[in-house]
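Let me begin by presenting the structure, written as structure tokens, before commenting on it.
Here, each number is a calculation from the coordinates, and none is a lab measurement. What you see is a predicted model, and the numbers here were worked out from it, not measured in a lab. Because the Cβ atoms are built from the backbone with ideal geometry, glycine has one as well, and the counts that use them run over all protein chains shown.
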Ligand SMILES: *Cc1c(COP(=O)(O)O)cnc(C)c1O
């Protein structure tokens, strides 16, 4: 059976007449805009903040397009990737009827967004090696499965999923496969964006929140075939990306070099931490990471977590998450902060009694 996008979309979304904003209806170059009830006398901040922002973020999209070698009409920009996750579920999943699939342990927002929308969740855990269980995934999906969320590199495990597995799942599934590449810039693996050509049901998410260092601006994007992008545009809030974020991300994209440098630094620090961690007797395993964090198995995660808190250092306790027994997720930071962490580890090592 071939991929049939139209059959996948909720009927109410197909029938939806989207909100038509003033800025969306007119795209000529008039001089005087009296169409949006904006304040004529400007704002207390000066600038152009009295004007509504571009609803389709064309300038930002043209830069993202150039950076990622993908046509602008195959790009959707969201208020963080988190908005993309929610919109996808609302476009495709009928509340109380349809389901999504996730592969735990993975990013928590897929589950939360599904729960908010009253959409059921199918789960196929990763294997003990944190790989996709391709066979079980294909056996578990059913006629009501609309989206499979795959996170690669995965949060919280840090590893990239096998490219062959993702392609195989995408080819054998008639719903949407989402590959969340929030951490792709820290990985040697190449993005799945270049696989879009041959996979009409694939959607890639990336974000400016991690390697780009712009988490505070709330900007993420999705790449997919233009029919999927049109559906997201239909459902999104008209002005979902505010003017400040559009301008600042546009500016940031002109300074890619500085981002590449910080990625290099992070990778060097990750390597240093990895080597340092394994020398401590309370560290059982440091998992291979393609991201800016290290999932680290220790003797007693809760105990170490509390010790670090007492020393003013907060890490993420993942020990209650499946396959992550006694694991902490530790973000790689600056040399100074990482040194402070290692000093705390040394004090902890001396304090434990076996
Ligand atoms: C941090 C993160 C994101 C980013 O979400 P934003 O809403 O863009 O900040 C997306 N996916 C994963 C797996 C993440 O860890």
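Calculate, axis by axis, the spread of Cα positions in the stretch 234-298 along the three principal axes, and write the results as whole Å, longest axis first.
Between the extreme Cα coordinates on each principal axis of the stretch 234-298 lie 54, 31, 16 Å.
Nearest 5 percent is fine: what portion of the DSSP beta bridges confined to the chain is antiparallel? Intermediate results must be reported in sequence, preceding the final value.
Numbers: 18 of 34 bridges.
In the chain, DSSP labels about 55 percent of beta bridges as antiparallel.
Would you kindly state how much longer the chain becomes between residue 58 and residue 268 on full extension, computed as 0.36 nm times their sequence separation minus their alpha carbon distance, in nm to one decimal? Display every interim value, and only then the final one.
On the way: separation 210, 0.36 × 210 = 75.60 nm, distance 3.59 nm.
Stretched out fully, the residue 58 to residue 268 stretch lengthens by 72.0 nm.
Note the angle between two axes, namely the Cα long axis of helix 81-92 and the longest principal axis of the Cα atoms of the chain, as a number of degrees from 0 to 90, rounded to the nearest 10.
Between helix and principal axis, roughly 60 degrees.
Can you give me the Kirkwood hydrodynamic radius for the chain, using every pair of distinct Cα atoms, in Å to one decimal?
On the way: mean 1/r = 0.0452 Å⁻¹.
Computed over Cα pairs of the chain, the Kirkwood hydrodynamic radius comes out at 22.1 Å.
Working from Cα positions, state the angle (0 to 90°, nearest 10) between the long axis of helix 163-172 and the longest principal axis of the chain.
Tilt of helix 163-172: around 50 degrees.
I'd like to know how the stretch 279-322 sits against the 2.2 N^0.38 Å rule of thumb: what's its Cα Rg over that expected value?
It is 1.17.
Taking only the alpha carbons of the stretch 80-200, what extent do you get along each of the three principal axes, in Å, biggest first?
Principal axes ranked by extent give 39, 32, 31 Å for the Cα atoms.
Counting each DSSP H run of 4 or more residues in the chain as -39500 (n - 2.57), what helix-only mean residue ellipticity at 222 nm follows after dividing by all residues, to the nearest 500 deg cm²/dmol?
Result for the chain, helices only: -11000 deg cm²/dmol.
Output the Kirkwood hydrodynamic radius of the stretch 172-256, Cα pairs only, in Å rounded to one decimal. Write out the running numbers ahead of the final one.
Values: mean 1/r = 0.0700 Å⁻¹.
This gives a value of 14.3 Å.
Starting with the highest mean, order 208-214, 94-100, 117-123 by the number of other Cβ atoms within 10 Å, averaged over the residues of each peptide. Could you put the intermediate results ahead of the total?
On the way: 208-214: 20.1, 94-100: 17.6, 117-123: 16.0.
The packing order, highest mean first, is 208-214, 94-100, 117-123.
Cut-off 10 angstrom, C-alpha nodes, Gaussian network model of the chain. Which of 327, 103, 138 fluctuates the most?
Top of the fluctuation ranking is 138.
Order 159-167, 83-91 from most to least packed using the mean count of other Cβ atoms within 10 Å.
On the way: 159-167: 17.8, 83-91: 23.6.
Ranking the peptides 159-167, 83-91 by packing returns 83-91, 159-167.
Rounded to the nearest angstrom and ordered from largest down, what semi-axes does the equivalent ellipsoid of the stretch 11-112 get from its C-alpha gyration tensor (root of 5λ)? It would help to have the intermediate numbers written out before the result.
On the way: eigenvalues 223, 68, 49 Å².
Values for the stretch 11-112, descending: 33, 18, 16 Å.
Please report, in Å, the Rg and the Dmax of the stretch 232-354, where both are computed over Cα atoms only.
18.7, 60
In nm, to one decimal, how far is the modelled label at residue 299 from the one at residue 138, with both set 7 Å along Cα→Cβ?
4.5 nm
Taking 0.36 nm per residue of separation and subtracting the Cα-Cα distance, what length does fully extending residue 27 through residue 73 add?
14.9 nm
May I ask you to order 55-64, 298-307 by the average number of other C-beta atoms within 10 Å around their residues, highest value first?
Details: 55-64: 18.9, 298-307: 17.2.
Highest mean packing first, the order is 55-64, 298-307.
Between helix 226-235 and the chain, what is the angle of the helix's C-alpha long axis to the longest principal axis, kept within 0 to 90° and rounded to the nearest 10?
The angle comes out at about 80 degrees.
What number, in percent, do you get for the relative contact order of the chain if the mean sequence gap of Cα pairs under 8 Å and at least 6 apart is divided by its residue count? Walk me through the numbers on the way to the answer.
Values: 583 pairs, mean separation 59.7, N = 354.
The value is 17 percent.
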